[in-house]
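Worksheet: the structure to be examined is printed underneath.
The values are calculated or read from the model by the stated rules, or taken from the named source; none is laboratory data. Model, not experiment: these values are computed from the prediction. Because the Cβ atoms are built from the backbone with ideal geometry, glycine has one as well, and the counts that use them run over all protein chains shown.
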Amino acid sequence: MRNYLVPLIFGIGGFAILVSLGIWQWQRLAWKESILSEIEARIAADPLPLPAVPEIDTDRFMPVAVTGEFIGTDIPVFLSHEGGPIYRLVAAFKTEDGRRIMVDRGGVPARGDPDPAMRTGAVAGVQVIGNLHWPDEVDNWTPEPDARGVFFGRDVAKMAVVLDTEPVLIVAREVSANRPGTTLLPVTSTGIPNNHLGYAVQWFGLALVWVGMTLFLLWRIRKRTV
């Protein structure tokens, strides 16, 4: 019996740890799904006035409405998309009360060099409805903007410097007057990772493998002692 004791202790202990990790990830899955539901509800809510000083932690995804005009030249942001590479157009926008912010007005197919103008002329009284956002698209591996002024990720702080605006970005879901050929790409919860189900399945699977290995070891011990 002593020959079986140590393998049984390791087998039962390892199985308990792996199952507990699977249960923890399952609980995290329920928590994440609840968070995603709240985010989706917030994204689709009725728009509010633009806060005086938007905060990343409290105002991310807040629906807002502003009226004013697009000014200057848009920044083309080269990004991959399910329909092929695109340029997302981020424009400076002057509100009726004189604030300069940024609006992601949607995307155009990335065919060759971006249109150097990226503009259709100033139009006053444009209404934009969208969501405040601070996209997480830039890291240490992201290239710097190229000589054409093309960005390779929406870096709110750097784009604000180039466009001379507040570091505030609205991703439009409605624009009363937009650049022809531009497809709106509103904020959704699709890009928010939720891998907890996969992790739970992995831990439960490892628990089953651990049981199998323990049983095989016990069988080998029995074979040697018979």
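Let's see how each residue does on (1) at pLDDT below 90; (2) surrounded by fewer than 20 Cβ atoms within 10 Å (Cβ to Cβ):
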| position | (1), (2) |
| --- | --- |
| PRO47 | no, yes |
| ALA91 | no, no |
| ASP104 | no, no |
| PRO116 | yes, yes |
| ARG119 | yes, yes |
| GLY125 | yes, yes |
For the range 102-122, indicate whether the set of residues that are within 13 Å of PHE70 (Cβ to Cβ), assigned by TED's automatic domain parsing to the domain that holds VAL66, in a strand (DSSP E or B) and over 18 Å from the mean Cα position of the chain (by Cα) is non-empty. yes
Residues (part of a loop (DSSP other than H, G, I, E, B) and in contact (Cβ under 8 Å) with a residue 24 or more places away in the chain) located in the range 84-101: GLY84, PRO85, GLU96, ARG99
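Select from the range 174-185 the residues that are at negative phi and touching a residue at least 60 places away in the same chain (Cβ under 8 Å) and write down the one among them that is surrounded by the most Cβ atoms within 10 Å (Cβ to Cβ).
ASN178
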Could you identify the single residue in PHE15, PHE10 that is exposed (fewer than 15 other Cβ atoms within 10 Å of the Cβ) and touching a residue at least 24 places away in the same chain (Cβ under 8 Å)? PHE10
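With respect to VAL150, is the statement that it is in the same structural domain as ALA92 (by TED's automatic domain parsing), surrounded by 14 or more Cβ atoms within 10 Å (Cβ to Cβ), among the aliphatic types (A, V, I, L, M) and farther than 23 Å from PRO114 by Cβ true?
So VAL150 fails the test.
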